[in-house]
Structures are given as C-alpha cells and as structure tokens.
Amino acid sequence: MATITLDDLRHAYGPNPERPEDYALQQLDITFEDGGAYALLGPSGCGKTTLLNIISGLLTPSHGRVLFDGKDVTGLSPDERQIAQVFQFPVVYDTMSVYDNLAFPLRNRGVPESEVDKKVREIAAMTDLEDTLMNRASGLTADGKQKISLGRGLVRSDVNVIMFDEPLTVIDPHLKWQLRSKLKELHQRVKRTMIYVTHDQTEALTFADKVVVMNVGQVVQIGTPVELFETPGHEFVGHFIGSPGMNILDCEVKGGQAFLQGQPIETSNAGAVKDRAEGSLRLGIRPEFISLAEDGIAAEVVKVSDSGRYQIVETRVGDAPVKLLVNEGIEIPTGRTALSFQADRTRVYRDGWLVAGGADI
Ligand code: ATP
C-alpha cells in the first residue's frame with residue numbers, strides 16, 4: 001500500500017518537445033492517497049494510458065518523478081514497484097485451475113502452501129469464485145476470468161497499488177454493473193490504493209471516490225463525483241460529465257452582472273469578473289438546474305424528447321440553444337415560454353476555466 005505522488009511530471013514521445021502540443025502529458029502534480037479509489041477519466045487520446053504506464057513503470061517520463069511513499073521509483077520496473085494490473089483482456093493461465101491461477105503469485109514468491117491455501121480461499125470468497133475453484137480457467141466466461149485477474153492482484157499482501165485499464169471492455173453489458181459494484185465493494189473491504197482508467201463516466205463515477213478528469217494531455221479537474229457534477233472546474237468537465245451535459249453559452253459581464261443574449265442572469269460568480277476582462281466569457285448551467293417559469297428568461301421551445309425518466313426540453317434563448325430536464329407528466333408549452341436558472345448553480349467560465357468567486361482576476 002502506498003501514497004503515490006507525481007511530481008512535476010510531463011511526457012513527450014518525440015524528441016525535443018517545445019510547444020504544449022508536443023507533450024502527450026502536460027505538466028501535472030497529483031497525489032493519490034494511500035487506500036483511495038481513483039479513476040482516470042477522459043476521451044480517447046487524452047493521455048490516460050500514458051499516465052497509467054508511467055505510474056506502473058512501463059514508461060519512463062521525459063520529465064519529473066514518481067514517488068511511492070516519498071521514495072523515488074521513477075527508474076524502477078513494474079515488478080520492483082510491486083504493482084498489480086488488470087487489463088482490458090483478462091490475463092489468465094487457461095490450462096491451470098482457478099485455484100492455481102490465484103495461487104500463482106504467492107507460490108512464485110515462495111509463500112508456504114498452508115498460507116497460500118488460506119489466502120486463495122479468502123480471495124475466492126471475496127470474488128465469488130469459490131464454486132469454480134477446482135475448474136479449469138479456460139471454461140470461465142470473460143467476467144469470471146476478469147475476477148481471476150482481480151483476485152491475483154488482491155491475493156498478494158505486498159501490492160502497492162492495483163491498476164485497472166478499461167477492465168470492463170470485454171464484459172457482457174448486463175454483467176458490467178455486477179462486476180462494477182463488486183469492484184467498489186472489494187475496495188471498501190480491502191482499502192487498497194486503486195486506480196481505474198476509463199473513458200466511461202458511469203464506470204468512473206460509480207467506482208471512484210475521486211476522479212481525475214483529463215483532456216488533451218491535461219488534468220482539467222480532480223474531484224469527487226458530486227464536485228464534478230455541481231462545480232465543474234472547466235467547461236470540458238461540464239459537457240463530458242452528465243447526460244445531457246452542461247449548457248455552455250456565450251455571455252457578457254458588465255458591472256458584475258452576467259447577460260445572456262442581452263437578458264440579465266444571476267450567477268454564483270459573475271461578480272469575480274472585472275469589466276472588459278480579456279478572454280471569452282461563457283455561462284455554464286446543467287439542464288437539471290433550469291426550470292420552466294411563469295416569468296423569467298424569454299425562450300422558445302424547439303423540441304421535446306422523452307428519456308423515460310424525464311423529458312429533455314430543447315429551447316432557444318435568442319439564438320443560443322438551452323436544454324433543460326422536466327419531470328414526466330408536466331405539460332410543456334409549445335412556442336414561447338420562460339426559463340428560470342438556479343443562480344447558485346449558474347457559473348461563469350473564462351477561456352474554459354471556472355472563474356473563481358472573488359479571488360480570481
Ligand atoms: P485511448 O483511450 O484511446 O487508449 P488514452 O487516453 O489512453 O487513449 P494515450 O494512449 O495515453 O491516450 O495517448 C495520448 C497521446 O499520445 C495520443 O496523442 C497518442 O497518439 C500519443 N501516443 C501514445 N502512445 C504513443 C507512442 N508509443 N508513440 C507516440 N505517440 C504515442
């Protein structure tokens with residue numbers, strides 16, 4: 001078990017990087033606390049695998065250090081770092097029994113058989129593999145095999161961190177949620193440091209206590225699922241997380257007051273923007289925090305679709321598209337209507353980043 005610190009880390013695959021776009025990973029400093037459940041979340045190509053490989057020791061960063069409990073491990077191999085990894089495709093020895101697969105890492109380290117047996121049975125119980133222990137691994141389904149990969153990580157007591165690289169990719173859709181909740185439950189029981197890489201927001205938000213959101217080689221926010229939902233630190237987090245994502249609308253700010261298409265809007269942080277501040281200003285509000293109102297921001301209903309749980313109402317405020325969620329059973333007016341934006345959930349962004357209340361600019 002270890003606290004993992006990434007210190008002034010950067011990585012470029014090519015020689016002589018100069019511009020930010022030359023880096024697959026731009027400068028980052030992160031601490032993964034001992035025993036925490038983390039997710040690295042972002043779209044394809046944002047640098048998740050690069051970061052994972054740097055932490056595991058498969059890749060040496062072109063700049064900066066990796067520390068485990070304060071000790072510099074940047075030059076050490078995955079084996080020397082004592083890492084367990086669960087990949088997209090389960091890595092199991094098909095000709096061996098489930099029991100022998102789980103026992104393998106312990107026997108490899110010369111652990112006495114009595115201890116091996118105790119550990120294997122304990123982990124098999126945790127991962128629901130008890131009934132198949134003596135079966136050949138080749139006969140198991142993909143989720144069973146993935147449980148073996150996971151079990152092999154859990155069986156060792158010397159593992160500093162368990163890393164998951166898109167571990168549910170080959171799992172049947174209807175079994176995904178089962179394995180996902182199993183992982184969460186196991187983390188709560190064993191409290192090992194776990195880092196889970198995915199491009200799927202549901203997987204990240206249900207597994208992790210803290211999510212590291214990445215975009216084009218940059219960490220844009222590290223936060224709890226609630227923080228990412230309620231206070232996106234960057235426009236990217238707003239529209240990448242949530243379904244539908246946050247509305248992002250051009251706005252103007254004058255005298256600490258925000259205006260959307262000429263209409264005044266109360267926000268939680270427009271007061272922090274100095275008048276004529278440089279850069280593009282935008283308003284961010286999630287569809288969950290907008291409602292239909294008797295009197296409010298003038299809008300036009302364009303389309304209504306039904307998600308089964310609520311209605312997604314697409315409107316226009318001037319020429320800006322604005323989506324809101326309305327409970328089932330509530331009648332949606334056609335044509336002209338008015339909207340109410342929840343002020344404490346309406347935020348101003350400048351050049352993509354949340355304008356911090358008071359302290360910014
Ligand atoms: P995915 O989900 O598709 O695996 P990712 O978020 O894991 O994507 P990375 O694989 O880390 O992203 O890639 C980050 C950037 O680095 C991409 O622009 C990619 O093209 C580039 N890259 C990755 N591996 C190499 C390599 N071996 N040599 C050169 N460039 C690479």
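The values are calculated or read from the model by the stated rules, or taken from the named source; none is laboratory data. Values in this document were obtained by computation on a predicted structure and should not be read as measured data. Quick reminder, even Gly has a Cβ in these numbers, built from the backbone with ideal geometry, and neighbours come from all protein chains shown. Ligands, DNA and RNA are excluded from the accessible area calculation, which covers all protein heavy atoms including side chains. Shrake-Rupley method; radii C 1.70, N 1.55, O 1.52, S 1.80 Å.
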When you look at L58, is it modelled with pLDDT under 95, open to solvent by 60 Å² or more (accessible area, probe 1.4 Å), within 16 Å of the ligand (Cβ to nearest atom) and among the aliphatic types (A, V, I, L, M), yes or no? yes
Single residue of region 239-266 satisfying the filter (touching a Leu at 6+ places or on another chain (Cβ under 7 Å) and part of a loop (DSSP other than H, G, I, E, B)) that is most open to solvent (accessible area, probe 1.4 Å): C251
Sole residue being β-branched (V, I, T), open to solvent by 50 Å² or more (accessible area, probe 1.4 Å), touching a residue at least 24 places away in the same chain (Cβ under 8 Å) and within 12 Å of the ligand (Cβ to nearest atom), chosen from T31, T49: T49
Testing I171 on (1) surrounded by 16 or more Cβ atoms within 10 Å (Cβ to Cβ); (2) modelled with pLDDT of 90 or more; (3) more than 13 Å from the ligand (Cβ to nearest atom), one condition comes back false. Which one is that? (2)
Keeping to region 3-28, report how many residues are closer than 27 Å to S181 by Cα and either surrounded by fewer than 22 Cβ atoms within 10 Å (Cβ to Cβ) or touching a Gly at 6+ places or on another chain (Cβ under 6 Å) (or both). 1
Would you mention how many residues in region 77-103 are under 17 Å from I162 (Cα atoms) and open to solvent by 50 Å² or more (accessible area, probe 1.4 Å)? 7
I want to confirm something. Restricting to region 189-205 and keeping residues that are part of a loop (DSSP other than H, G, I, E, B) and over 13 Å from E166 (Cβ atoms), which single residue is modelled with the highest pLDDT? T193
If K210 satisfies all but one of (1) open to solvent by 50 Å² or more (accessible area, probe 1.4 Å); (2) of a type outside the set (S, T, N, Q); (3) over 14 Å from the mean Cα position of the chain (by Cα), what's the number of the condition it fails? (3)
Unmet criterion (only one of (1) open to solvent by 40 Å² or more (accessible area, probe 1.4 Å); (2) in contact (Cβ under 8 Å) with a residue 12 or more places away in the chain) for E185: (2)
